[in-house]
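Each remark here refers to the structure printed beneath this line.
The values are calculated or read from the model by the stated rules, or taken from the named source; none is laboratory data. What you see is a predicted model; the values in this text were computed from it and never measured. Because the Cβ atoms are built from the backbone with ideal geometry, glycine has one as well, and the counts that use them run over all protein chains shown. With ligands, DNA and RNA removed, areas are computed over all heavy atoms of the protein, side chains included. Shrake-Rupley method; radii C 1.70, N 1.55, O 1.52, S 1.80 Å.
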Amino acid sequence: MARKIVLILALTCLCIGLAAADWNILNPIWNINARQDSLKNYCESWRINVELNNIREFDVVPQECVAHIKKYMTSSQYDADCQRAIEEVTLYLSRCCSLKSDGKDAWIFDVDDTLISTIPYFKKHGFGGEKVNSSSLEAWMEESKAPALDHTFKLFHDIKDRGMKIFLVSSRKETLRSPTVDNLINVGYHGWSRLFLRGFEDEYMHVEQYKSQVRKTLMDQGYRIWGIVGDQWSSLKGLPEARRTFKLPNSIYYMS
């Protein structure tokens, strides 16, 4: 009797082992799926840590993650993430600001990948997998063909209609002023108070330092900067600070 019990147990264990063989690490199909899941998790973790500003100063997106970043930046999830950020801005605006009638209430927007999109350019230039070629990118900017980003387009006009002065602070060079203005107007932006671009003397500064200096200039003139919307941490960090900052996702490139 005892022998029969032992035999039954042995056969049961063998059957369980055979049934479970499809997930064994030696199984080629399981191994391929595991590698794919692992790469997806790695690339999504890399993207999230870029957004959290834990990964900084990168020149290119890791080659194995370019397809993942492209898929995200052209997906409905990217649109949903941007829209969620804009909803938080709108919620903040509904309760934050006791505007005065002195013309000194202000809001700052970045330009590229905040008001208008460079994704059409990067679709043709490696989508972050190639080091940014400034000459090539600036030649594309001179064509004034960047599309508006719908979520910030609506926010821009909402803030303007509330009576705030809007300042655009871009890391673009001063030599791109005319095509930048043309591009913004062509896609429907109008009514901003001033567009700040980098002069020759600013090009040797880090972007964060340059944009902080612009904020200081505005605050010294008495402006109350209620908020900033930008896609780069360098648009948001540094002293003096705005009262609130809101970051839009962008893991294609990093500007410090």
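Among the numbered criteria (1) open to solvent by 30 Å² or more (accessible area, probe 1.4 Å); (2) at pLDDT 95 or above; (3) among the aliphatic types (A, V, I, L, M), which single criterion is violated by M205?
Status for M205: all satisfied but (2).
For I166, state whether it is more than 16 Å from S117 (Cβ to Cβ), assigned to a helix (DSSP H, G or I) and touching a residue at least 12 places away in the same chain (Cβ under 8 Å). Even if it seems obvious, please write down each step before you answer.
Working: more than 16 Å from S117 (Cβ to Cβ): yes; assigned to a helix (DSSP H, G or I): no; touching a residue at least 12 places away in the same chain (Cβ under 8 Å): yes.
The answer is no for I166.
What residue, of G222, G230, is over 27 Å from S136 (Cβ atoms) and open to solvent by less than 60 Å² (accessible area, probe 1.4 Å)? Reasoning before the result, please.
Numbers: G230 fails: over 27 Å from S136 (Cβ atoms).
From the options G222, G230, the qualifying one is G222.
Tally the residues that are part of a loop (DSSP other than H, G, I, E, B) and of a type in the set (A, V, I, L, M, F, W, C), restricting the search to region 85-100.
Matching residues across region 85-100 total 2.
In the set P147, P240, which member is within 17 Å of the chain's Cα centre (by Cα) and surrounded by fewer than 17 Cβ atoms within 10 Å (Cβ to Cβ)? Give the derivation first.
On the way: P240 fails: within 17 Å of the chain's Cα centre (by Cα).
One residue alone meets the criteria, P147.
Among the residues of region 106-125, which ones are farther than 14 Å from L155 by Cβ and either part of a strand (DSSP E or B) or open to solvent by 30 Å² or more (accessible area, probe 1.4 Å) (or both)?
Selection gives A106, D112, P120, K123, K124, H125.
What are the pairs, 6+ residues apart or on separate chains, where a residue within region 141-159 that is at pLDDT 95 or above has its Cβ under 7 Å from a residue that is of a type in the set (D, E, K, R)?
Hits for this filter: M141/R172; S144/D182.
List pairs: first residue in region 91-105 and open to solvent by 90 Å² or more (accessible area, probe 1.4 Å), second residue among the hydrophobic types (A, V, I, L, M, F, W, C) and outside any strand (DSSP E or B) anywhere in the structure, Cβ distance under 9 angstrom, at least six positions apart or on different chains.
Within 9 Å, no pair qualifies.
Somewhere in region 74-84, is a residue outside any helix (DSSP H, G or I), within 16 Å of E44 (Cα to Cα) and within 20 Å of the chain's Cα centre (by Cα)?
Quick first cut of region 74-84, residues outside any helix (DSSP H, G or I) only: 74-75.
Right, trim to within 16 Å of E44 (Cα to Cα) and you get 74-75.
Filter once more, keeping what is within 20 Å of the chain's Cα centre (by Cα): 74-75.
Yes, some residue in region 74-84 is outside any helix (DSSP H, G or I), within 16 Å of E44 (Cα to Cα) and within 20 Å of the chain's Cα centre (by Cα).
Of everything in region 174-196 that's open to solvent by 40 Å² or more (accessible area, probe 1.4 Å) and in contact with a Lys or Arg (Cβ under 7 Å, 6 or more places away or on another chain), which residue is nearest to D161 (Cα to Cα)?
So, considering only residues that are open to solvent by 40 Å² or more (accessible area, probe 1.4 Å) and in contact with a Lys or Arg (Cβ under 7 Å, 6 or more places away or on another chain), the one nearest to D161 (Cα to Cα) is G191.
Which residues, counting only those in region 126-144, are assigned to a loop (DSSP other than H, G, I, E, B) and surrounded by 18 or more Cβ atoms within 10 Å (Cβ to Cβ)? Full working, then the answer.
Residues of region 126-144 assigned to a loop (DSSP other than H, G, I, E, B): 129-133, 142-144.
Within region 126-144, G129, V132, S144 meet the criteria.
Are there any pairs with C-beta distances below 7 angstrom linking a residue in region 188-209 that is farther than 19 Å from W107 by Cα and part of a loop (DSSP other than H, G, I, E, B) to a residue that is polar (S, T, N, Q) and at pLDDT below 95, with the two at least 6 apart or on different chains, and if so which?
Taking only residues 6 or more apart or on different chains, the pairs are H206/S256.
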